[in-house]
1. When the helices in chain B are scored as -39500 (n - 2.57) per DSSP H run of 4 or longer and the sum is shared across all residues, what 222 nm value do you end up with, to the nearest 500 deg cm²/dmol?
2. Viscosity 1.567 mPa s, temperature 4 °C: give me the Stokes-Einstein translational D for chain A in µm²/s, with Rh taken as the Kirkwood radius over C-alpha pairs.
3. Would the protein assembly as shown count as rounded, prolate or oblate if I go by the C-alpha gyration tensor, calling it rounded below 1.5 in a/c and otherwise prolate when a/b exceeds b/c, oblate otherwise?
4. Looking at the square roots a ≥ b ≥ c of the eigenvalues of the Cα gyration tensor of region A:73-117, which shape do they give, rounded for a/c under 1.5, prolate if a/b is larger than b/c, or oblate?
5. Output the 0 to 90 degree angle, nearest 10, between the alpha-carbon long axis of helix A:48-98 and the longest principal axis computed from the alpha carbons of chain A.
6. For residue B:210, list long-range residues whose amide hydrogen, built 1.01 Å from N in the peptide plane, is under 5 Å from its own amide hydrogen.
7. Helix-only estimate, please: 222 nm mean residue ellipticity of chain A, summing -39500 (n - 2.57) across DSSP H runs of length 4 or more and dividing by its residues, to the nearest 500.
8. List the residue ranges in chain B for DSSP H helices whose C-alpha atoms run 18 angstrom or more along the long axis and whose Kyte-Doolittle average is -0.5 or above.
Amino acid sequence: MKTTFVSSSGLYEALRSSVLKIQTKLVDAQKETVTGRHADMGLALGYQMGTTVTLRQQTARLTAITDANAAVSTRLSGSQAALTSMTEDGNNYVKSLISSPSPSVIKAIARNGAAALTNSLNSTTGSQYLFAGVNTDVAPIKGPFDASTGVPSAAKTSIEAAFQTHFGFPVTDTAQAANITADDMNSFLTNEYRNLFIDHNNVNWSADWSDATAETVQSRISTNETVQTSVSAMSDPNADPDPSVAEPTHKGFQRMAEAYAMISTLPVEYLNSNTFAKVLQVASEVAGKATAQVSNLQSTLGNSQERITNANSRMAIQQDIMNKSITNMETVNQFEAATRANELMNQLNTAYALTAKIQNLSILNYIS
Amino acid sequence: MSLTTALNIARSGLAVSSSRAEIVSRNVANASTPFASHKIANVVTGPTGSGVRIASITRASDLPLYDKLIEATSSAAAQKVVVDGLAELDATVGDPENDQTLTALAGKLADAIQTYSSSPENDSAGRTAIAAASQLVAALNSTQTNIQGIRDNADQGLSGAADELNSLLSQFSEVNKRVMNATTAKQDATDALDQRDKLVSDISNLVGVKPVIRANNDMALYTDSGVTMFDTTARSVSFSRTPGLAPGQQGSAFYIDGVPVTNQGTMQISGGAIAGYAKIRDELAPTYQSQIDEIARGLIVSYEEKDPAGVGAPAAGLLYDSSGTYTPPTVGVVPGLAGSIAINTTMEATPSRLRDGVAYNYNPSGYEGYSGHLNDLIDQVYATQPFDPAAGGASSGAILSYASGSVSWLEQQRTAASNDYDYKNTLYERAFDAFTKETGVNIDDEMTTMLELERAYQASAKVISTVDAMFGALLQAV
């Protein structure tokens, strides 16, 4: 009669291979319980591995940009502080000019104002000049400075030379200075003198006053935004309007310098009262315009600061979402893994017990 | 005379019991030997007066199960080699948490350049960017070394398999002769048959085998693609090793009986470790190598320097091909580029040249705060560029997404191969299980038979002594 036949090795093999399999699974379950992540990430994720790798790289990128934005924000705050102080000084200067001061008083105010302006324009963060455009390791306003007037020595020389050319006598000639008419002085101030500060292409400004570049610092503040993050002591010649027609509105620093130097370098103490009054009037006009233009620069930078804040909060939200996705893909529920490990251990114990029992099942035990 | 006849018959009974006891002890000794079948003695009644005799000794066998088992062995063996090879390739990727993938390192470089662009005057930010580039280049170089090492291992595996196959075929030739001789001489061929079965199973681990039984228990062996491995004589198996396989270099083919069975020959085998090694060496590793070569090429293109005047051709910038073969922005796989990619030596010495450019000078006045070129580089990194579809990845995209696409490809191959292996291995285990159950030795069964034989022997011996007593009584009476 034919019965089903089972070989002895068949009996033992089945248990042996199942014990090996359970042990392999147990090792994985233990690893997952402890680390909370898949034991073999590639096998578990398959083609999604690329997704999680990309997400991690994007998160790292956003972190790098956010950190870089902190440095940029510091620079912007420093620039804003300097601009505020320049605007305040400018406003005070205008007030002094229209209050009919005495020549010596206003001269002192102008000299201090010029020195304060050059100081502010030369402010730094770290070792970088804030108002130098991209030439950040060179001071925007170049020395040496003349202490009696508060302006750079080269500028003083140019102004005195222009005065001599126009009037025919040097600034030190106090006797002849009293004979200058108001109209003559007006013509000098609005032509040759003005040209030293706001000429087209900034030829005189860059020769006597500033080594800054017109190109300003552009910073990337998010993955797809680049903004202007500095203003320069050198205005952009490309923005000059047709010089014969309109007045420039973007040369605030240069006009401020013009207003201060007007009083501090010219021999105002020796002018007759009409001419002196004319000079005060022109100076207050220029100073008023300059202050307004400098104040406008603050709104340019303020705009950039706001964009940085917005970009930072957007990026923070994006990072949050990405981190959630990564966690979803890569982590395992540790409780589930622990439960699985327990079950496997029970299975293993059972397999061991069975193996021992089956080994004892032999007819040899009963044959003497 | 009937007494003498009784004696002879009892003697034959003793002889048969002893022979059967011998068979029992052979079976018990082979209880745990794989492929040892249990032997059965066919006892028949002899012609009148000669008692019993053993007509033949056969073994328990199941041909269909055996064929299935051979097939399952070779397909599981091939898949195991593939899974192991892919696991080694996976070591170049690792756990994404460690940020050691090429995507993560390329991302770190882009981020370092981003930080540098926010403070272009900061020399240490420049050095950090160069350091990140060094890490990336080192990773590309070592990934190529790893991949070629894996190919070399597969090549070595093929060489070892050729030697083993040759030795197995010569053993097979011997055993086959023994089987044929025993069969023709009508002797017990069962042990030799078991040995031959084991040899065929060992061969099937290396190569997919189709055994064919012919007259006189002669067996011929063919590969699963139809190439003769053994027909009366063993055919030659040859393979010449290529030490130090270079990227893009083809390994040599595996020859059985002068026919190439790998390297896209017409009679390519599909089962056995040899097929697995060939797949790793000729398909999977080279595809992954092409992908990292494309990643290297894409990085060189991302960091290329373009002429600001728009006239001159782009030149390699931060990363370039130190072997001089590749200039950006040509598209097309350059084998071995991942090993020859290097950092521009001028930028390595003076990091500010990364900001100002080497081939083209973007910052002729040397302004410290100039970030224009760095910002452009970042735009280039994240811009879409074309890739060679022959590498098995996307045909266009940003370099970073191409790199993570390559990771996806590898892991997908791994998951598919692993699932396939689980299935094939289960099939093999089932087939082996069924086969051993059918043909193996059951010790309890043999011991019970032994008990039976003991009694039969006792009974025959008793008959003999009784007949002897009868003879004695007869002779005493005379």
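1. -20000 deg cm²/dmol
2. Estimated diffusion coefficient is 48 µm²/s.
3. prolate
4. oblate
5. Around 20 degrees separate the two axes.
6. Answer set, sorted by chain and number: B:222, B:223, B:224.
7. Mean residue ellipticity at 222 nm (helix-derived): -22500 deg cm²/dmol.
8. Helices meeting the span and hydropathy rule in chain B are B:2-29, B:63-90, B:102-118, B:123-184, B:285-302, B:443-477.
Read-outs throughout are calculated quantities, based only on the coordinates presented, and are distinct from any laboratory measurement. Fair warning: this is a prediction, and the values are worked out from it, not measured in the lab. Counting neighbours? That spans all protein chains shown, and the Cβs are built from the backbone with ideal geometry, glycine included.
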